[in-house]
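The values are calculated or read from the model by the stated rules, or taken from the named source; none is laboratory data. If you're wondering where the values come from, they're calculated on a predicted model, not measured in any experiment. Ideal geometry is used to build each Cβ from the backbone, glycine not excepted, and the neighbour counts take in all protein chains shown. We work out accessible area using only protein heavy atoms, side chains counted, and drop any ligands, DNA or RNA first. Shrake-Rupley method; radii C 1.70, N 1.55, O 1.52, S 1.80 Å.
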Amino acid sequence: MITRTSKALRAPGGLSVRYQPRATGAVLLLIAVTAAVGIVLIGSGDYPISPAEVVATLMGDGTMAQEFVVQDLRLPRVLVAILVGAALALGGAVFQSISRNPLGSPDVIGFGQGSAVGALTVIVLFHGGQSAVAAGAVVGGLVTGVLIYLLAWKRGVHGFRLVLVGIGAAAMLTAVVHYLITKADLVDATRAVLWMTGSLDGRDWTQFWPLLAMCAVLVPLVLAFGRPLRMLEMGDDSAYALGVRVERVRLTLMCAAVLLVSAATAAAGPIVFVSLSAPQLARRLTRAPGPNLAASACMGAALLLAADWTASNAFGDTELPVGVVTGVVGGVYLLALLVTERKAGRI
């Protein structure tokens with residue numbers, strides 16, 4: 001079915017592709033904003049570089065000093081931020097669509113906290129290095145996802161039950177995080193608190209390549225399930241009637257979303273509220289029905305880059321972890337969302 005907001009491109013062979021002009025324009029705009037903010041962020045710092053010089057350096061025409069600063073120091077951080085923001089937002093879009101609830105975000109229903117428990121277990125109990133901490137975050141997120149899915153299962157996984165179970169799991173996992181910190185020695189406790197804040201400082205190619213590999217597999221998988229996911233938003237009965245294998249689609253998408261969120265957390269720590277706010281902002285920008293997966297991913301990348309620039313440049317000589325900025329902005333957004341939902345009678 002083609003809605004009045006959709007158009008179709010028809011090829012000579014009889015194939016057609018449906019698209020929504022406003023949503024397509026929004027995605028292109030967000031890509032342009034992400035590129036512009038990324039260039040500005042690469043040029044910011046103790047060794048300032050103009051946007052034109054950044055572009056020239058990326059094209060291979062910079063000086064040796066500019067090549068070192070851009071290619072070795074700042075470009076990996078920006079690329080990690082883009083992938084982390086996109087992965088968090090895409091995971092948030094999936095869970096909000098599955099739960100049919102704007103509060104059904106991974107950092108609200110426990111998956112971010114599960115990754116944090118996994119990482120802190122490696123730091124506090126095993127004194128593991130960076131790679132071990134990243135692996136612990138992924139394993140912790142996956143175990144949490146399995147437990148929440150099983151606890152929420154009752155002839156299927158329904159949205160309201162998933163959110164309630166997830167909020168309870170998040171509370172318990174937060175308590176485990178605090179317990180682990182109290183059991184750590186001073187060095188490990190300091191390291192754990194820094195990791196828990198969520199930061200892009202010092203991120204380099206060693207974080208980028210594993211995250212890129214995960215995204216290269218999982219992002220196309222999630223996008224390929226965009227149409228069934230849109231049908232799931234209409235309810236299980238309607239999706240069944242339209243031929244969607246509901247539980248298989250739901251389980252596949254939940255696994256992919258948990259892996260995306262866990263991989264992003266492993267790369268940069270638990271950066272909060274991006275997965276909550278980016279899908280909702282993308283939906284408002286596109287004014288299109290459905291999960292808006294591509295727009296959500298682009299919005300998440302743009303938001304995290306903007307937050308990183310703010311954390312690095314808006315407070316003078318003091319550079320804040322990006323998780324502090326997203327936490328403040330996201331907390332305000334969460335309060336506004338709760339007020340809106342209450343006025344609408346949904347909570």
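Each part reduced to its alpha carbon centroid, segment 61-127 and segment 219-283 end up 16 Å apart. Accessible surface for segment 20-342, divided over its residues, is 44 Å² per residue with a 1.4 Å probe. Comparing mean-square fluctuations of Ser199, Ser238, Ser296 from a GNM of the chain with C-alpha springs under 10 Å, the top value falls on Ser238.
Comparing Leu147, Leu173, Leu83 in a Gaussian network model of the chain, where Cα atoms under 10 Å apart are tied by springs, the biggest mean-square fluctuation is seen for Leu147. When the solvent-accessible area of the chain is split by element, carbon and sulfur atoms take up 68 percent of it, the probe being 1.4 Å.
Treating the beta-carbon of each Lys and Arg as +1 and of each Asp and Glu as -1, no other charges, what is the dipole magnitude of segment 272-347 about its Cα centre, to the nearest 20 debye?
Numbers: 6 positive and 4 negative charges, 129 e Å.
In debye, rounded to 20, segment 272-347 gives about 620.
Dipole magnitude for segment 118-246: computed about the Cα centre from +1 point charges on Lys and Arg Cβ and -1 point charges on Asp and Glu Cβ, it is near 380 debye. Sorting 89-97, 268-276 by average packing, meaning the other beta carbons within 10 Å per residue, from highest down gives 89-97, 268-276.
Membrane-span-like helices in the chain, defined purely by DSSP H runs whose alpha carbon atoms cover 27 Å or more axially and whose average Kyte-Doolittle hydropathy reaches 0.5, are 21-43, 75-99, 130-152, 159-183, 205-224, 246-268, 293-313, 322-343. Pairwise Cα distances in segment 20-342 exceed 31 Å for 30 percent of all pairs. With a cut-off of 15 Å between beta carbons, the residues surrounding Leu194 carry a summed charge of -2, where Lys and Arg count +1 and Asp and Glu -1.
Specify which residue in the list Val33, Met196, Leu242 is farthest towards the positive end of the charge dipole of segment 20-342, using unit charges on the beta carbon of Lys, Arg (+1) and Asp, Glu (-1), about the Cα centre. Working it through, the farthest residue towards the positive pole turns out to be Leu242. In segment 20-342, taking the dipole from charged Cβ atoms about the Cα centre, the farthest positive-side position among Phe111, Leu253, Val69 is held by Leu253.
Does segment 167-263 come out rounded, prolate or oblate by the C-alpha gyration tensor, with a ≥ b ≥ c the root eigenvalues, rounded set by a/c under 1.5 and, if not, prolate when a/b is larger than b/c and oblate if not? Mind dumping the intermediate values first?
Values: a/c = 4.39, a/b = 1.79, b/c = 2.45.
Oblate is the answer for segment 167-263, as a/c is 1.5 or above yet b/c matches or exceeds a/b.
Could you identify which residue out of Ala169, Ala288, Ala336 has the top mean-square fluctuation in a GNM of the chain using Cα springs shorter than 10 Å? Looking only at Ala169, Ala288, Ala336, the largest GNM fluctuation is found for Ala336.
Please give the calculated 222 nm ellipticity per residue for the chain, where each DSSP H segment of at least 4 residues contributes -39500 (n - 2.57) and the sum is spread over every residue; nearest 500 deg cm²/dmol?
Working: 15 runs with 248 residues, N = 347.
Taken over the chain, the calculation gives -24000 deg cm²/dmol.
Using only side-chain charges placed at the Cβ, +1 for Lys and Arg and -1 for Asp and Glu, the dipole size of segment 20-342 relative to its Cα centre rounds to 1480 debye.
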